[in-house]
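The next block holds one structure in the form of structure tokens; read it before the comments.
Values in this text are rule-based calculations from the coordinates and carry no lab data. The structure displayed is predicted, hence computed values, not measured ones. We place every Cβ from the backbone using ideal geometry, glycine too, and count neighbours over all the protein chains shown.
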Amino acid sequence: MKKDKEQLEETTTEKSEKSNGNFFRTLGELTVFSSRFFALVWSPPYELDELFTQIFRLGYKSLFLVTTTAFIIGFVMSLQLYPSMKTFGAEDLIPNMVAIAVIREIGPVLTGLICAGKTGSGIGAEIGSMKVTDQIDAMSISGVDPYKYLVVTRVLAMTITMPFLVIYSAGLSLVGSYVAVNITDDMSVTMYINSAFDYMYFYDFVPSIIKAFFFGFTIAMVSCFYGYRADYGTVGVGKAANASVVISSLIIFFLDMLAAQLSHYYQNNFV
Amino acid sequence: MKEDIIVVKDLYKSFKGKKVLEGININLKKEENLCIIGKSGSGKSVLLRSIIGLIEPDSGYISVFGKSLDDLHENEVIALRKKVGYLFQEGALYDSMNVEENLAFPLKRQPHPKSHKEIKATIRLALQRVGLLSSINKMPQELSGGMKKRIALARTLILEPEVILYDEPTTGLDPVTSKEIIELILEMRATNGISAIIVTHDMYCARLTADRILLLNEGKMDVEGSFEELKRSDKDWVRAFFE
Ligand SMILES: Nc1ncnc2c1ncn2[C@@H]1O[C@H](COP(=O)(O)OP(=O)(O)O)[C@@H](O)[C@H]1O
Ligand SMILES: [Mg+2]
């Protein structure tokens, strides 16, 4: 009985220590964890099989979700803009507004968040359960570096896939928007496209692609990190999956803000 | 006097102030089956993990095949680990791969991998040894606990280790399956001269496999002897294991 109480106290103090911020420590550990990627990504063996498996799994399998949400966002945005734009007689500007919003901001962030939810939790749970069932240790004992096999491949796969998903999602939002515009007004596809890309410049696309790379890297890296740290026991895996989603979503918003500031600065000073 | 394969001296390990190992000493001789018995939570897995370098001890000396783990470079530790097999408590099969891929995984990634054909042959041979060739295409989820352990043992054997560390090889298995695993452990030594540290709290397993038994209690291992000697010990808590 006394022992139980002691144990209980011990675990509770451990918990409060853990949750007591330690924010910077975790951030430091994440940085150290990530830096191994850059050391290992260049050296063979390249585990191409696993890389392609992951590209398929992480990219292809989130396609359905990205398709639906992207289409709906484009559709709904156009519908909702219509009444107020009509008041100003500016409904012709809807394609252009939607295009800018979707390509510069909504496409990357929406896709990032969806992937954080779907892929992030998937990776977190997968790596987490491999950790708690000793599969990661089993790998390193047999002379295979689990970081290289599991983390490097997943991070690469996400980093490569994300830009394509972002472009795809922006495209589909425009399709959604075109459908919505056609419900209210008639507009040919060429007219829509002309109008959508009227005020678009090259530098509207570049930041999105760069953001997409960083989002993909972040989601996979953060999720692998929390998976690797999963505590033994069933709760540990759930927690790892949860932390993967929450933290990678937060970092996505943070990076997005940073990117907005940077591109603003760039446009003010160099364009 | 046979040579020492594994030597552990004054090993200490604690987690966040909780003392788990408090001065452990072990020496494993060639072709010896050494059993370590302790209650669950007494630190048996922590001890085995320290020996193979998965856990860094707080202090103490560990040497494997005459080489101290501290002096070795990371690459050398990896090379050394190949000579030391490890059977995880739950088997630790890769659950995204089928049995054949599980066994091929370490083989394909050795510094000088064998040809595709040789790998296939090696895998079949290893599965035959554990009597599970028929499961070659199964996924781990389709296997029973005992089968998982046998496959895991095959995966360990495939790298031709000279020592195997068994973490509770019979825990959670029915008596018949336990017996099969125990026979495999004995066979490993008989045919390949493999030495073993067997961590367990199954006295049946200890009686059949152990040349020598060490008792792990409260972080220390002060009691040593053969099964019969320990059974007749004058200490109550030692005899308690045998009841
Ligand atoms: N990585 C770890 N972090 C914190 N505590 C641990 C860790 N590994 C083991 N422990 C603690 O060490 C003690 C011994 O664990 P273990 O060696 O798994 O026991 P067993 O003898 O059942 O194998 C347990 O109380 C466990 O909670
Ligand atoms: Mg254990």
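For the segment B:155-165, counting C-beta atoms of other chains within 10 Å of every residue's C-beta and taking the mean gives 1.
Within straight-line reach of B:Lys138, meaning a Cα separation under 19 Å, sit the following lysines at least 8 residues removed in sequence or on another chain: B:Lys120, B:Lys148, B:Lys149. Whole-Hz Karplus values for region B:37-42 come out as 10, x, 5, 6, x, 7 Hz, taken residue by residue from phi with 6.51 cos²θ - 1.76 cosθ + 1.60 and θ = phi - 60°; glycine and proline positions read x. Here the Gaussian network model covers chain B, with springs between Cα atoms less than 10 Å apart; of B:Lys16, B:Lys148, B:Lys29, B:Lys16 fluctuates the most.
Rounded, prolate or oblate: which fits the protein assembly as shown when a ≥ b ≥ c are the square roots of the eigenvalues of the alpha-carbon gyration tensor, with rounded for a/c under 1.5 and prolate only if a/b beats b/c? Because a/c hits 1.5 or more and a/b exceeds b/c, the protein assembly as shown counts as prolate.
Comparing Cα centroids, region B:167-243 and region B:123-148 end up 25 angstrom apart.
Comparing A:Ile73, A:Ile94, A:Ile183 in a Gaussian network model of chain A where C-alpha atoms under 10 Å apart are linked, the largest mean-square fluctuation is found at A:Ile183.
B:Val130 sits among other residues whose Cβ lies under 12 Å from its own Cβ, and their net charge, with Lys and Arg +1 and Asp and Glu -1, is +3. When a/c reaches 1.5 or more, the comparison of a/b and b/c decides; with that in mind, is region A:182-271 rounded, prolate or oblate per its Cα gyration tensor? Here region A:182-271 falls in the oblate category. Of the residues A:Thr190, A:Thr67, A:Thr111, the one that moves most in a GNM of chain A with alpha-carbon contacts below 10 Å is A:Thr190. Taking the number of Cβ atoms within 10 Å of each Cβ as an exposure proxy, the fewest-first ranking of A:Val132, A:Val166 is A:Val132, A:Val166.
What does DSSP give for the protein assembly as shown in terms of the percent of beta bridges that are antiparallel, rounded to the nearest 5? Walk me through the numbers on the way to the answer.
On the way: 20 of 38 bridges.
Expressed as a percentage, antiparallel bridges in the protein assembly as shown total about 55.
Per-residue Karplus couplings for region B:217-225, computed as 6.51 cos²θ - 1.76 cosθ + 1.60 with θ equal to phi - 60°, are listed in order as 9, 6, x, 10, 10, 8, 9, 9, x Hz, Gly and Pro entered as x. Each of B:Arg232, B:Arg155, B:Arg189 was scored by other Cβ atoms within 10 Å of its Cβ. Listed from fewest to most, they are B:Arg232, B:Arg189, B:Arg155. Specify the angular offset, from 0 to 90 degrees and rounded to the nearest 10, of the alpha carbon long axis of helix A:234-270 from the longest principal axis of the alpha carbons in chain A. Orientation of helix A:234-270: about 40 degrees from the principal axis.
Counting only lysines at least 8 places from B:Lys19 when in the same chain, those with an alpha carbon closer than 21 Å to its own are A:Lys2, A:Lys3, A:Lys5, A:Lys15, A:Lys18, B:Lys9, B:Lys39, B:Lys44, B:Lys220. Axis of helix B:99-108 versus longest Cα principal axis of chain B: the two differ by about 80°, to the nearest ten degrees.
Note on A:Lys211: lysines with a C-alpha under 19 Å away, same-chain residues under 8 apart excluded, are A:Lys118.
So for chain B, Kirkwood radius off the Cα pairs, Stokes-Einstein at 10 °C and 1.306 mPa s: how many µm² s⁻¹?
Numbers: Rh = 18.6 Å.
Approximately 85 µm²/s, per Stokes-Einstein.
Would you mind giving the mean number of other chain beta-carbons within 10 Å of the Cβ of each residue in A:191-203, as a whole number? Walk me through the numbers on the way to the answer.
Numbers: counts 0, 0, 0, 0, 0, 0, 0, 0, 0, 0, 0, 0, 0.
Rounded to a whole number, the mean comes out at 0.
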